[in-house]
Amino acid sequence: MIAAVKGEVMVRRPDHVVIDAGGVGYRLAVSAETLKAVPATGRDAFLHAELISREDSLALYGFASEEERDLFRLLIGVSGVGPKVAIAALSGGTARDLLRAIAAGDAKRFQAVPGIGKRTSERIIVELREKVAGEMEEEVALAGEGQDAPRALARDGLVNLGYAPLEAEQLLDGLEGSDPQELIAAALRKAGTARNAA
């Protein structure tokens with residue numbers, strides 16, 4: 001398997017680059033983020049790589065960092081997300097930003113990506129949140145010290161009570177308050193009302 005490509009940049013396009021490594025030109029599809037790290041034609045570049053084998057094709061994808069490549073692998077593991085859609089998602093920000101969005105349950109961040117609808121974006125959050133949560137917990141806690149801290153704590157509280165992350169988000173939608181306990185109580189009232197209505 002090709003894990004990395006190092007050599008002279010022959011071609012540099014918005015969606016791919018060609019790198020001459022030992023006399024062989026490797027075409028690697030890249031995200032907009034990785035493209036920023038690729039130098040001008042004629043200069044040397046190093047990209048981490050992922051080879052995707054399909055029945056009718058072999059495609060090579062390039063990444064400026066291992067973190068981006070690892071996130072690519074996670075994304076294509078989600079049902080409904082192919083390599084091209086994953087690359088489009090990675091073009092929407094740094095790998096760290098996207099990991100933070102997943103850990104924070106920010107499905108809307110992915111809905112803006114061409115090829116990702118509401119259901120797929122929610123699936124990305126549900127399937128990947130726990131996988132990335134561990135390493136991102138610290139950062140989310142720091143980021144949450146701002147305005148969204150009570151909401152984040154309330155959401156975590158609801159998840160601990162047995163609600164799925166997506167359900168917790170939906171219950172908190174439209175609720176306002178600076179006390180996590182009050183938000184949880186309001187969300188539980190909302191859930192009770194919805195259950196009675198059903």
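The values are calculated or read from the model by the stated rules, or taken from the named source; none is laboratory data. All of these numbers come straight from a predicted model, not from anything done at the bench. Cβ sites come from the backbone with ideal geometry, for glycine too, and all protein chains shown count toward neighbours.
Computed values, structure above
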{"read-out": "Qualifying residues in the range 19-58 (those that are small (G, A, S) and under 24 Å from L74 (Cβ atoms)) - the one surrounded by the most Cβ atoms within 10 Å (Cβ to Cβ)", "value": "S31"}
{"read-out": "Candidates R123, R119, R109 - the one that is buried (at least 21 other Cβ atoms within 10 Å of the Cβ) and of a type in the set (D, E, K, R)", "value": "R109"}
{"read-out": "Number of positions in the range 88-104 that are in contact (Cβ under 8 Å) with a residue 60 or more places away in the chain and either crowded, with 24+ Cβ neighbours inside 10 Å or outside any loop (DSSP other than H, G, I, E, B) (or both)", "value": "1"}
{"read-out": "Hits in the range 164-193 - residues which are part of a helix (DSSP H, G or I) and either in the same structural domain as R119 (by TED's automatic domain parsing) or polar (S, T, N, Q) (or both)", "value": "Q170, Q181, T193"}
{"read-out": "Candidates L47, L35, L58 - the one that is touching a residue at least 40 places away in the same chain (Cβ under 8 Å) and among the aliphatic types (A, V, I, L, M)", "value": "L47"}
